[in-house]
1. So what J values fall out for segment 87-97 if you push phi through Karplus, 6.51 cos²θ - 1.76 cosθ + 1.60 with θ = phi - 60°, rounded to Hz, Gly and Pro as x?
2. Dividing the Cα radius of gyration by the Kirkwood radius, what Rg/Rh value follows for segment 58-309?
3. What residues have an amide H closer than 5 Å to that of Gly341, excluding those fewer than 5 places away on the same chain, when H is modeled at 1.01 Å from N in the peptide plane?
4. Using only Cα atoms, tell me the angle between helix 414-429 and the longest principal axis of the chain; keep it within 0 to 90° and round to the nearest 10.
5. Mind checking which of Gly89, Gly54, Met65 is farthest towards the positive end of segment 32-158's charge dipole, using Cβ charges of +1 (Lys, Arg) and -1 (Asp, Glu) about the Cα centre?
6. Please work out the Kirkwood hydrodynamic radius for segment 261-394, using every pair of different C-alpha atoms, and report it in angstroms with one decimal place.
7. Can you tell which of Val452, Gly156, Cys140 lies farthest toward the positive end of the dipole of the chain, using +1 and -1 charges on the Cβ of basic and acidic side chains (Lys, Arg; Asp, Glu)?
8. With +1 assigned to the C-beta of every Lys and Arg and -1 to the C-beta of every Asp and Glu, and no other charges, what is the dipole magnitude of segment 58-309 about the Cα centre in debye, to the nearest 20?
Amino acid sequence: KLPYAEPYRIKMIEEIRQSSREERVAWLKDADYNLFNLKSSQVYIDLLTDSGTGAMSDSQWGAMMTGDESYAGSRSFQALYDTVNKITGFPYLLPTHQGRAAENVLFSVLVKDGDVIPGNSHFDTTKGHIEFRKAHAVDCTIDEAFDIENDHPFKGNIDLEKLEAIYKEYPKEQIPFCLITITCNTSGGQPVSLENIKAVKSLSDHYGIPIYFDSARYAENAYFIKTREAGQADRTIKEICKEIFSYGEGMTMSSKKDGLVNIGGFIALRNEEVFQKASNFTIIYEGFITYGGLAGRDMNALAVGLDEATEFDYLHSRISQVEYLGNKLIEYGIPVQKPIGGHAVFVDALKFLPNVPRAEYPAQTLGLELYKEAGIRGVEIGTLLADRDPETRENRYPKLELLRLAIPRRTYTNNHMDYIAAGLKNVFDRREDIKKGYNITWEPAILRHFTVKLEEA
Ligand code: F0G
């Protein structure tokens, strides 16, 4: 048997630079201990996000050159339409400049004051767009998702009892849709099974509620269905994707993830009336309906990227790399969310740094320690992100305090993964000595994690 290797080779490289610990300590102070304030040149390996940070293929760069920049009805729009239609089966398409723009346009049509939108751990911008309209996002994720040691294969699943309780509590007029996020980013890049999607669909049909998908990482979700769900192994990724979307009325997409491009998004829909209403909002917020904030070349590259991202060989290489890092960390005894998710490894900071008080932001502290140690930038998914209760202004402590190490697509090698694991292990070896975290010196009224300023406690 031969060892596994990537189904691609590298044609272009970008230099990245190591720095010294002294440099990094000084840069962090200047950055007010907020990793978002670092310059990318101060980071050696950047795991802040897998969004828009991946590498395009030579076919995608080729498609960039042949983009059609016509204002209306461009060939590039047609190419994107054909690919989206082939993969999803949805007959209507509206491009947008990124995922949250798709949410803004679609929710302008569907969500009103007082509405309730159940789903599986809505992403922050999604929740933001719901709450901004004075509606509520209700998390119906299964309880297993919040126990990092539980290796349930589909921790993104929706709990049908929690969902039905919402359907019984509120009239159908107040529930515009149920939103299924595939994969579920907030709970650790965890997939939703086809069986669960079907069950949610039949329950929702019974109560007359449509289903929409937040599809940023739908291809990674399909990979997990193929490799983990009974009876799915012999199907292609594209067949599985088509079936997933057959249960929905529409989808929002951040193309910066499974579109394999650096910027872009779209909405795909089944219903003509929703499409017509959404078209008006697209024109106001994004641009004409055949480009929605994207250049023709961007749509061309996206059409190719969507096709590449729904091929098994690509997905296997991508997800195996994330798993490779996760398994290394597990080998070192580092507490991570199990099973390893599709786009990131999530480290449990409460278990990793038990001596840092909860009020001093252990996950942020861990992120800062890892940066000082090795020049690696992760992101806090913990109390800073969870923000304050709007009424009491007290910190909202989430169930889990995590450091997310998101892996960009086709960007780093497994040598980088070894380096990341070694860096984190060095911090782990001296975890008992880390007893202090950070205090806030300044924060904005909302979405504080992006701009918060901290000092050493
Ligand atoms: N939905 C999910 C599940 C996401 O993870 C994101 C973005 C969005 C919607 C919004 O898309 O960024 O194109 O506007 N997630 C990024 C992340 C930012 O780092 O996880 P966008």
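Here, each number is a calculation from the coordinates, and none is a lab measurement. What you see is a predicted model, and the numbers here were worked out from it, not measured in a lab. Cβ placement follows ideal geometry from the backbone for every residue including glycine, while neighbour counts extend to all protein chains displayed.
1. With coefficients 6.51, -1.76 and 1.60, one gets 7, 9, x, 6, x, 10, 9, 10, x, 9, 6 Hz.
2. Values: Rg = 17.5 Å, Rh = 18.1 Å.
Reported Rg/Rh, Kirkwood definition of Rh: 0.96.
3. Here Phe346 satisfy the definition.
4. 50
5. Highest projection toward the positive end goes to Met65.
6. 19.0
7. In the chain, that residue is Val452.
8. 500
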